[in-house]
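Everything on this sheet refers to the single structure shown next.
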Amino acid sequence: KKRIVVKVGTSSLIHPETGGLDLIKVERLVRELSDLHNQGRDVILVTSGAIGVGRKAAGLKEKPDRVSLKQACAAIGQARLMMIYQKFFAEYNQVAAQILMTRNTMLNQKNRRHAQDTFEELLELGAIPVVNANDSISTFEILHGDNDTLSAIVASLVEADLLILLSDIDGLYTDNPSLNPEAEFIPYVKELDGNLKSMGKDAVSGLGTGGMTTKLIAAELATSVGADMLIANGADMSVLHRIMDGQPYGTFFQ
Ligand code: ADP
């Protein structure tokens, strides 16, 4: 696999107790990505977490209840989040680049082309694009669930070989395992039919937003443009190099 997009969900980046960024995990993630990059792969990171980081920085006790407050938190948090990624990537001799996507970048033909060209140039320069939705300007991602779909759109833009979604769960089950103990794990999906799609439910945890619903939409999009997709547990970031070593992890969509 030559070109890889890795998406980390809020649930993999934010400490459930403190609500702050889990720095150890972020550093491990950066280390893994740096290693993959040093091995000659093109690496793109799609990261959530800006709103959470901003909320913490602004000292808000409660989860923001209005869109405008979420957007303000995103503005504060994005700068901070990027500062931290920048610091860790620099420690491993990598050049990080920030790309903030809007709905327009994805849907408008001309803007899409521009975004595509920018990604190509960045990868050519050996940089690691760190992508997020531009949540302080566009409300699309805030209203449409995390970055799952965004990461699939990015995978399609850069013609990635593999999209990896790191979540707080091992992969896709026949039902939400936190509500249904009978739910069974699905390691491999060849055909994403309606029956399978109905298995993906929303998240019940307080941190994530998209749940499995948006991850299955992402899988449909990614596989339709020829990228494989994997949902794996980001609790231990070292799954990344183990996946690249060919070890079986998570749910694989082909
Ligand atoms: P992230 O922040 O990583 O995007 P989410 O919390 O949005 O994570 O999504 C993962 C959650 O989706 C799981 O923790 C689980 O509660 C929920 N979920 C719903 N349906 C399923 C399913 N069929 N299989 C696995 N997880 C599911």
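The values are calculated or read from the model by the stated rules, or taken from the named source; none is laboratory data. Given the structure is predicted, the values throughout are model-derived calculations rather than measurements. Backbone-built Cβ (ideal geometry, glycine too); neighbour counts: all protein chains shown. Ligands, DNA and RNA are stripped out before the accessible areas are found, and what is left, the full protein with its side chains, is counted by its heavy atoms. Shrake-Rupley method; radii C 1.70, N 1.55, O 1.52, S 1.80 Å.
Using the empirical formula 2.2 N^0.38 Å as the baseline, the Cα radius of gyration of the stretch 1-123 reaches a ratio of 1.14. In whole angstrom, the chain maps to an equivalent ellipsoid with semi-axes of 24, 23, 19, each derived as √(5λ) from the alpha carbon gyration tensor and ordered largest first.
Ordered by 1.4 Å accessible area with all protein chains kept, E121, E159 run largest first as E159, E121. The modelled label-to-label distance for the pair T139/D22, using points 7 Å beyond Cα in the direction of Cβ, is 3.1 nm. When shorter helices are ignored and each DSSP H run of at least 4 residues is given -39500 (n - 2.57), the per-residue value for the chain at 222 nm works out to -13000 deg cm²/dmol. The length gained by stretching the chain between E184 and E91 to full extension, at 0.36 nm per residue less their Cα-Cα distance, is 29.4 nm. Ligands, DNA and RNA left out, the 1.4 Å accessible surface of the chain is 51% carbon and sulfur atoms.
Using a Gaussian network model of the chain in which every pair of alpha carbons under 10 angstrom is joined by a spring, one finds that among A58, A235, A72 the greatest mean-square fluctuation is at A58. The C-alpha atoms of the stretch 30-97 occupy a region whose extents along the principal axes are 43, 18, 16 Å, arranged from largest to smallest.
Per-residue 3J(HN,Hα) values for the stretch 184-200, derived from phi via the Karplus relation 6.51 cos²θ - 1.76 cosθ + 1.60 with θ = phi - 60°, read 10, 6, 10, x, 9, 10, 9, 10, 8, 8, x, 4, 5, 5, 6, 7, x Hz in sequence order (x marks Gly and Pro). Beta bridges assigned by DSSP with both partners in the stretch 58-213 are antiparallel in approximately 20 percent of cases. Annotation: per residue accessible area for the chain equals 46 Å², rounded to a whole number [probe 1.4 Å, protein chains only]. Taking one quarter of the surface of the C-alpha convex hull of the stretch 1-44 gives a mean projected area of 3.1 nm². Normalised by 2.2 N^0.38 Å, where N counts its residues, the alpha-carbon radius of gyration of the stretch 160-254 equals 1.02.
Here's the picture: charge each Lys and Arg Cβ at +1 and each Asp and Glu Cβ at -1 in the chain, and of I169, I137, G200 the one pushed furthest to the positive end of that dipole is I137.
Backbone amide hydrogens, once placed in the peptide plane, bring Q98 within less than 5 Å of V130, excluding anything fewer than 5 places away on its chain. Taking the Cα centre of the stretch 18-158 as reference, the dipole from Cβ charges on Lys and Arg (+1) and Asp and Glu (-1) amounts to some 500 debye. Once the chain from D35 to A79 is taken as fully extended at 0.36 nm per residue, the excess over their C-alpha distance is 13.4 nm. Hey, in the GNM for the chain with a 10 angstrom Cα cutoff, which one of N147, N134, N38 fluctuates hardest? It is N38.
Suppose the chain between D236 and Q109 were pulled fully straight at 0.36 nm per residue; how much longer would it get relative to their current alpha carbon spacing?
41.9 nm
Note that the stretch 63-79 has calculated 3J(HN,Hα) couplings of 5, x, 9, 10, 4, 5, 6, 4, 5, 5, 4, 4, 5, 5, x, 4, 4 Hz, one per residue in order, obtained from phi through the Karplus relation 6.51 cos²θ - 1.76 cosθ + 1.60 (θ = phi - 60°); glycine and proline are x.
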